[in-house]
Amino acid sequence: MAARTVRILLYPLSLLYAGGWQIYLLIYRLGIKTAQKPHKKILCIGNLVAGGTGKTPTVVFVANLLQELGYTVVIGCSGYGSPRAEDASAAPEGPLDPAEWGDEPAEIRELLPDIPLIVGRARVIAAKICAKRYPDAVLLMDDGFQHMPLAKDRSIILDPPTSNTLTFPAGPYRESRASGRRRASLVVPSDEWRFEFSPIRFTTAAGTAIPAPPKARVLTAVGRPDNVQRNLQSAGVEIVEFIALPDHDKLEFDLAQRPQDVPWIVTRKDWVKLRSRCTNDSNVVLAERQASIEPSEELKKWLKIVLG
């Protein structure tokens with residue numbers, strides 16, 4: 001009831017926000033401002049809400065599909081909350097320090113160690129770097145659908161059903177849901193496309209697969225911690241303690257100094273930040289799910305057509 005009252009009070013501000021966004025789009029539609037296209041092939045994986053839709057695992061999935069099709073892939077990330085986010089720069093090879101490059105780039109580097117990364121919210125500059133260093137590659141953007149200064153060849157957006165379709169601040173949407181879906185090249189889910197997650201895979205910190213712990217404490221700093229909690233419970237884990245911190249929290253503490261009566265479950269996005277501070281990782285369990293857009297073979301055909 002309280003949440004509904006807050007939404008009602010904030011509704012006029014949401015109308016102002018949505019109207020302001022439409023004016024911003026109109027500036028580009030009328031040609032008052034022109035989006036730049038410094039690189040040949042740009043594909044964006046975006047969403048309409050603020051985080052928690054599975055965007056990064058979808059980027060990993062699409063990157064693998066593109067490689068199967070024979071494309072060279074470069075991934076562009078915002079590096080949200082990191083010093084590298086303010087501009088754009090090519091990440092070095094090898095593991096990335098999340099404190100410098102951001103948690104999502106560090107996570108992607110672990111999962112796709114051979115794919116170059118360009119990090120920063122200056123998306124036009126990122127595309128210029130890609131054009132100079134990897135002129136024949138597909139620049140696969142993790143987020144950036146609302147970044148209008150950069151023109152994309154195609155955009156795939158993740159827009160799962162939700163009961164609140166209002167824009168900020170009364171709702172989670174970055175722009176009007178209807179207009180955002182119209183701007184997208186492909187919307188998931190839809191009548192044609194499904195968004196699927198694999199069952200949770202549990203591993204030790206070293207990467208060895210293990211069964212689901214019967215009991216565990218959970219620490220996470222992701223966009224939708226409620227999804228983490230629900231999925232772990234569905235996997236049969238009894239959660240003794242659940243700590244949910246804000247998305248992209250730095251997690252500046254040592255898990256080994258917390259209670260050790262049951263394992264601590266974290267996501268990979270959390271672990272890339274916790275690992276350097278954890279003096280004993282023997283009681284840490286990683287929980288991961290792979291994302292996919294189905295039917296994947298049809299998606300491969302679509303990618304081949306739109307990217308040439």
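Of note:
- Computed extension gain for L245 through E68, at 0.36 nm per residue and net of the alpha carbon distance, reaches 60.0 nm.
- Within the listed set T220, T34, T56, the residue fluctuating most in the Gaussian network model of the chain (springs between alpha-carbon atoms under 10 angstrom) is T34.
- Helix 225-234 axis, angle to the chain major axis (alpha carbon atoms, nearest 10°): 50
- From helices alone, the chain scores -10000 deg cm²/dmol at 222 nm; the rule is -39500 (n - 2.57) for each run of n ≥ 4 DSSP H residues, then divide by the residue total.
- Accessible area (Å², per residue) of the chain, counting only protein heavy atoms and a probe of 1.4 Å: 48
- When the chain is treated as a Gaussian network with alpha carbon springs shorter than 10 Å, the biggest mean-square fluctuation among V73, V119, V240 belongs to V240.
- Within a Gaussian network of the chain (alpha carbon springs, distance under 10 Å), most fluctuating of D103, D261, D159: D261
- Once the Cβ-Cβ distance of R230 and K132 is raised to the sixth power relative to R0 = 51 Å, the FRET efficiency obtained is 0.70.
- Fully extended contour minus Cα-Cα distance, from T165 to Y24, at 0.36 nm per residue: 48.8 nm
- You can think of it this way: the chain between A99 and A206 has 36.4 nm of extra reach, that is 0.36 nm per residue less the Cα-Cα gap.
- Spacing of the two label points (7 Å from each Cα toward its C-beta) at A35 and L16, in nm: 2.8
- The share of accessible area on the chain that comes from carbon and sulfur is 54 percent, using a 1.4 angstrom probe.
- Folded to 0 to 90 degrees: helix 123-133 orientation relative to the chain principal axis, Cα: 90
The values are calculated or read from the model by the stated rules, or taken from the named source; none is laboratory data. Everything quoted here is computed from the prediction, not taken from an experiment. Methodologically, a virtual Cβ is constructed for each residue, glycine included, from the backbone with ideal geometry; neighbour enumeration extends over all protein chains shown. What goes into the accessible areas is simple: the full protein's heavy atoms, side chains included, and nothing from ligands, DNA or RNA. Shrake-Rupley method; radii C 1.70, N 1.55, O 1.52, S 1.80 Å.
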